[in-house]
Amino acid sequence: MTREEIKQADNIVATKPRLLNDNTMHYCPGCSHGVVHKLVAEVIEEMGAEHIAIGIAPVGCAVMAYNYLDIDWIEAAHGRAPAIATAAKRLNPSRLVFTYQGDGDLAAIGTAETIHAANRGENIAIIFINNGIYGMTGGQMAPTTLEGQVTSTTPYGRRVELNGYPLKISELLAMLDGTCYVTRQSVHTAASVRKAKKALRKAFENSMAGRGTSVVEVVSTCNSGWKMTPAKANEWMEEHMFAKYPIGDLKDTTADQ
Amino acid sequence: MESITYMEDEVKLMKGNEAVAHAAIRYGVDGYFGYPITPQSEILETLEELMPWESTGMVVLQAESEIAAINMVYGGAATGKACMTSSSSPGISLKQEGISYIAAGELPALIVNCMRGGPGLGTIQPSQADYFQATKGGGHGDYHLIVLAPASVQEMADFVGLGFDLAFKYRNPVMMLADGIVGQMMEKVVLPPMRPRRTDEEIAQQCPWAVTGRPEGRKPNIMTTLELDPVAMERNNIRLQETYRRISENEVRFEEHCTDDCEYLIVAFGSVARICQKAMEEARERGLKVGILRPITLWPFPTEEVKRLSKKVKAILVVELNAGQMIEDVRLSLEDRVPVHHYGRMGGIVMDPADVLEALNNIIE
């Protein structure tokens, strides 16, 4: 069989989504961001929503998400994405508005904006990449850093008596009346990628149906920050991160809808 | 100024803060995002009471903080909508990061500061101590706001429209630098006529940069203030400075009283200029030739006019509700040719005309 014969529509099981452009990603090899970007691009494309999609980029490793996804974007100040999304959505109710934030952005500096946007039940989707570390600034402690985890600002491991406890912010958000769907996913296996994609689709559909705030946490690896090989990082995530941040739906009030 | 004819029932009696709320609805503002703080809470309260979302479709939202409110303005402005916020001094300090982003993003927006005495939590009494913050930057980076200083309830109403017109003309945030006196006092005001909010089509035409969702065939619109390439970042800065140069050339506004024959010049802005007007009248009754220059735009500052007037006066008295802030811009305009004196009250104490008169007498002697 020739190459061209193989490249028939029937044989193609995966392609690069149209909305993911050809720019070389700045993410480290092994990082979860690239996979989540691809899923966001696929979902928007499959929903036919690129003409109404407005992404809010964070400060953190994904600050330049707008370099890779060919949709309209607003880059936020650190932590403020949910406030920006609130205004973008309220002033443009027909638009699909989502934020894409890391753990430092969403659960440290932006905690107030995150909780209040969710508590108001803003019709937005919040994509939350939780890799337990500040990636962009070089591997400092995040609110979600695990107890004992070594980072550049916890060189002897996170100690709760000094730094408090890892913040389970999705559990907190699930308690709020304004959220309709809070789920925790990962993208480190083929099966988990498929589930994460479904969750993203559901979150986006909730936003467009006006059901309230949806949160999709993606427990992710930061092999550079964790100082591990990508394969080792996946193992470490399964063993340690999933123990603290178990995968699955935390809340779904839309199950019957 | 052209004369305006109006029906008697169009003249209303209200506070400056209330006038801002009415003017915002009438101008066709798309979004107001606020947070309570004295002495400006009437703006948010009046908007909530008037429920403009049912009449014009204007969004009004009480945010969880001043920080969230200014970022809502940033987000709304990025979609091409006319958005505003208001606060008072400590709250305006909290907004500075967002204001820097709005300036860097070249976004039109209106920020109302109804100043109170500081520093710190300070007092709820009026002050003009945020002059430096408003005119010299406030947030990080090389940027300028267009700063309008209203001296009456009428101007608080009028500067909403003027502020947005300038903001959209130059794609630059505008600050209305009011104070607790003009915000709180009640005066007669003629509200601006109702005009419809812009349609999405009009916004797309007026703001081709707006983040609205990408129609087929258009490149993504990206509102970002990040530029890691220093050459490109310097280019961005040069573009901003070019905007500030155009604003400085075209938008200087001021008002003068009795400056034709004056020997002593008072420079004062906002409510203080009106106190000084009374002092000037009393001075003239005593034979002292006093005039007033009231800068309306604090940035751009009426440098040339100060310079022109300085050539014929013996001394200048700068009167402010602070320890001496605008006096620096007056001095910079003069090249030290004329003695410049300052008279100010701080911490929420407001001078009365007799105080100004005494200050004048002191410099004359």
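List of remarks:
- Taking other residues whose beta carbon is less than 13 angstrom from the beta carbon of B:Gly163, and scoring Lys, Arg as +1 and Asp, Glu as -1, yields -2.
- Highest to lowest packing among A:42-53, A:100-111, scored as the average C-beta count within 10 Å: A:100-111, A:42-53
- Alpha-carbon Rg/Rh ratio, for the range A:69-178, with Rh computed the Kirkwood way: 1.03
- Net dipole in debye of chain B [+1 Lys, Arg Cβ; -1 Asp, Glu Cβ; about Cα centre; nearest 20]: 660
- Summed side-chain charge close to B:Ala354 - residues other than B:Ala354 whose Cβ falls under 10 Å, Lys, Arg +1, Asp, Glu -1: -3
- GNM flexibility winner over chain A from A:Ile126, A:Ile56, A:Ile12 (Cα, springs under 10 Å): A:Ile12
- Largest first, the three principal axis extents of the alpha carbons in the range B:157-247 are 51, 32, 21 Å in whole numbers.
- Using the average count of surrounding beta-carbon atoms within 10 Å as a protection proxy, the listed peptides A:118-125, A:224-231 rank, highest first, as A:118-125, A:224-231.
- Anchor A:Lys198: aspartates and glutamates whose Cα lies under 17 Å away (excluding residues fewer than 8 positions away in-chain): A:Glu42, A:Glu45, A:Glu46, A:Glu217, A:Asp249, A:Asp252, A:Asp256
- Of B:Ser271, B:Ser65, B:Ser152, the residue with the greatest mean-square motion in the GNM of chain B, using alpha carbon springs below 10 Å, is B:Ser65.
- Whichever aspartates and glutamates have a C-alpha closer than 13 Å to that of B:Lys136, once near sequence neighbours (fewer than 8 apart) are set aside: B:Glu328, B:Asp329
- Here, chain A is characterised by an Rg to Rh ratio of 0.97, where Rg is the alpha-carbon radius of gyration and Rh the Kirkwood radius.
- Per-peptide average of other Cβ atoms within 10 Å, ordering B:159-171, B:102-114 highest first: B:102-114, B:159-171
- The chymotrypsin sites (Phe, Trp or Tyr not before Pro) found in the range A:108-191 that occupy coil by DSSP, while having at most 12 further C-beta atoms within 10 Å, are A:Tyr156.
- Debye intensity ratio in log₁₀ form over the Cα atoms of the range A:123-227, taken at each q of 0.24 Å⁻¹: -1.16
- Kirkwood Rh in Å, taken over all unlike Cα pairs in the protein assembly as shown: 26.4
- Within 10 Å of the Cβ of each residue in A:112-120, the mean number of Cβ atoms contributed by other protein chains is 3.
- Counting Cβ atoms of other protein chains within 10 Å of each residue's Cβ and taking the mean over peptide B:222-228 gives 6.
- 37 °C / 0.692 mPa s Stokes-Einstein diffusion coefficient of chain B, Kirkwood radius on C-alpha pairs, µm²/s: 155
- Largest-first principal axis extents, alpha carbons of the range A:7-96, Å: 45, 32, 17
- Where the alpha-carbon atoms of the range A:162-220 are placed on the principal axes, they occupy 42, 32, 11 Å, in descending order.
- Placing a pseudo-label 7 Å from each Cα along the Cα-to-Cβ vector at A:Gln140 and A:Lys7 gives an inter-label distance of 4.7 nm.
- Check: the range B:227-365 dipole with +1 on Lys, Arg Cβ and -1 on Asp, Glu Cβ, in debye: 200
- Shielding by partners - mean other protein chain Cβ count within 10 Å, residues of A:66-72: 5
- Farthest toward positive dipole pole in the range A:1-96 [+1 Lys/Arg, -1 Asp/Glu at C-beta], among A:Gly79, A:Val40, A:Pro29: A:Gly79
- Pairs spanning more than 31 Å between alpha-carbon atoms, out of B:Lys169/B:Lys289; A:Lys7/B:Lys219; A:Lys89/A:Lys232; A:Lys227/B:Lys219; A:Lys7/A:Lys251; B:Lys12/B:Lys307: B:Lys169/B:Lys289; A:Lys89/A:Lys232; A:Lys227/B:Lys219; A:Lys7/A:Lys251; B:Lys12/B:Lys307.
- Over the range B:118-181, the ratio between the Cα radius of gyration and 2.2 N^0.38 Å evaluates to 1.20.
- Of the trypsin sites (Lys or Arg not before Pro) found in the range B:177-229, those in coil by DSSP whose Cβ has at most 14 other Cβ atoms within 10 Å are B:Arg218.
Bear in mind that the values in this text are calculations on the coordinates, not laboratory data. These figures come from a predicted structure and were not determined experimentally. Glycine gets a Cβ as well: all are built from the backbone with ideal geometry, and neighbour counts include every protein chain shown.
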